[in-house]
Amino acid sequence: QVQLVESGGGLVQPGGSLRLSCTASGSVFMIYGMGWYRQFPGKQREEVAYITTSGTTNYADSVKGRFTISRDAAKNTAYLQIDNLKPEDTAVFYCYAPTFSQTYWGQGTQVTVSS
């Protein structure tokens, strides 16, 4: 079992920045990598970014240049730096971690961009 705990969401003004954190605990050795999805109100989740245990990263085209994913292996934590936030970035962000048997999810953290 793997547990994921997210933090760092909140209310931010347009143009601002946030850094989301996702810390894994439990059987972390099973994890292939960590990533983030976001879910807009009334929409399905969409993948945002992913980082493997070796540090390889992938991003959705829609976020390239503004979103940066990184990880601290010693802390079993992945980060999502979001810069130049826009009102249309308002969403719930979910951390996830795939393993050979299943994908684990965090509880989600709300990001609201508004003036």
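Could you compute the FRET efficiency for Tyr32 and Lys86, with r as their C-beta to C-beta distance and R0 at 35 Å, rounded to 0.05? Can you show the working numbers first?
On the way: r = 31 Å, r/R0 = 0.88.
Computed FRET efficiency for Tyr32 and Lys86: 0.70.
For a quick size check, give me the Cα extents of the chain along its three principal axes, largest first, whole Å.
Reported extents, whole Å, longest axis first: 41, 26, 23.
Among the lysines, which fall within straight-line cross-link reach of Lys86, defined as a Cα-Cα distance under 29 Å, with same-chain neighbours fewer than 8 residues apart omitted?
Lys43, Lys64
Just the accessible area per residue of the chain, please: how many Å² with a 1.4 Å probe? The partial results should precede the final answer.
On the way: 5920 Å² over 115 residues.
Value returned for the chain: 52 Å² of accessible area per residue.
Hey, any idea what % of the chain's accessible area is carbon plus sulfur with a 1.4 Å probe?
Ligands and nucleic acids excluded, carbon and sulfur give 48 percent.
Taking the Cα centre of the chain as origin, work out the dipole magnitude from +1 charges on Lys and Arg Cβ and -1 charges on Asp and Glu Cβ, in debye rounded to 20.
Numbers: 9 positive and 8 negative charges, 11 e Å.
Charge dipole of the chain: 60 debye, to the nearest 20.
Whole-Hz Karplus ³J(HN,Hα) for region 32-45, in order, using 6.51 cos²θ - 1.76 cosθ + 1.60 and θ = phi - 60°, x for Gly and Pro?
Karplus values, whole Hz, x for Gly and Pro: 8, x, 9, x, 9, 10, 10, 10, 7, x, x, 10, 7, 5.
The values are calculated or read from the model by the stated rules, or taken from the named source; none is laboratory data. A quick note: this is a predicted structure, and the numbers were derived from the prediction, not measured. Virtual Cβ from ideal backbone geometry, glycine too; neighbours counted across all protein chains shown. Note: accessible area is taken over every heavy atom of the protein model, side chains too, but ligands, DNA and RNA are not part of it. Shrake-Rupley method; radii C 1.70, N 1.55, O 1.52, S 1.80 Å.
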